[in-house]
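As structure tokens, the structure follows; a few thoughts come after it.
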Amino acid sequence: MLYTPDGKQLKRVPHDAEFKRAVRLLGASRAKGVRRALNRLIDEMPPDKKIGARTFGTSQVASQLEPWPYPLAGLYDIALEIEGKDAIGRQVYDRAGLIFGLFVWECLMGRKERWVLYDHQAGSSGPNQEIMGTIYQELGLE
């Protein structure tokens with residue numbers, strides 16, 4: 001389950017139309033593979049030594065995975081499809097990052113643990129900052 005810092009449960013993925021489009025382009029099988037891969041990554045994350053809970057940033061995890069292994073690499077494939085063949089590399093990278101972040105958001109909403117999201121980079125600008133600048137912290141089981 002995913003919550004805001006003030007305790008409100010989040011039940012929808014932001015950029016809903018963008019997310020649904022990405023899921024549709026991936027297809028059911030590849031989308032399921034992305035979801036499984038993200039859940040596995042989260043399951044394997046060690047707790048932060050200072051606070052004793054799993055804490056991570058979407059952009060941090062995305063950059064640590066470079067190059068993204070399949071099935072996550074499929075997110076680049078659909079980002080390229082969305083942006084078009086004339087897109088420059090940064091456009092595709094940013095679109096893939098957004099889609100990755102939306103899948104992370106969805107994943108955490110469906111987990112049994114309570115997670116809280118923080119806008120770690122408040123005031124920063126850039127494409128998809130509200131998703132890629134998010135820090136998630138585990139609060140424990142409900």
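The values are calculated or read from the model by the stated rules, or taken from the named source; none is laboratory data. None of these values were measured; they are calculated from a predicted model. We place every Cβ from the backbone using ideal geometry, glycine too, and count neighbours over all the protein chains shown.
What tally of residues in the stretch 1-20 results from selecting those that are part of a helix (DSSP H, G or I) and surrounded by 15 or more Cβ atoms within 10 Å (Cβ to Cβ)?
Selection size over the stretch 1-20: 2.
Check off (1) part of a helix (DSSP H, G or I); (2) within 24 Å of Gln137 (Cβ to Cβ); (3) modelled with pLDDT of 95 or more for Trp115 and give me the number that stays unchecked.
(1)
For the stretch 32-54, how many residues are crowded, with 16+ Cβ neighbours inside 10 Å, more than 21 Å from Arg114 (Cβ to Cβ) and more than 13 Å from the chain's Cα centre (by Cα)?
Here the count works out to 1.
Of everything in the stretch 62-109 that's more than 9 Å from the chain's Cα centre (by Cα) and β-branched (Val, Ile, Thr), which residue is nearest to Gly33 (Cα to Cα)?
Only one residue fits best here, namely Ile78.
Just one of Ile131, Ile42 is in a helix (DSSP H, G or I), modelled with pLDDT under 90 and under 20 Å from Val13 (Cα atoms); which is it?
Ile131
Checking the structure you have, find out if any residue of the stretch 58-80 is β-branched (Val, Ile, Thr), modelled with pLDDT under 90, part of a helix (DSSP H, G or I) and under 21 Å from Arg21 (Cβ atoms).
Checking the stretch 58-80: at least one residue is β-branched (Val, Ile, Thr), modelled with pLDDT under 90, part of a helix (DSSP H, G or I) and under 21 Å from Arg21 (Cβ atoms).
How about the stretch 81-93: which of its residues are outside any helix (DSSP H, G or I) and small (Gly, Ala, Ser)?
Correct list: Gly84, Ala87.
So which residues in the stretch 55-104 are of a type in the set (Val, Ile, Thr) and either free of Cβ contacts under 8 Å to residues at least 24 places away in the same chain or exposed (fewer than 13 other Cβ atoms within 10 Å of the Cβ) (or both)?
Matches in the stretch 55-104: Ile88, Val92.
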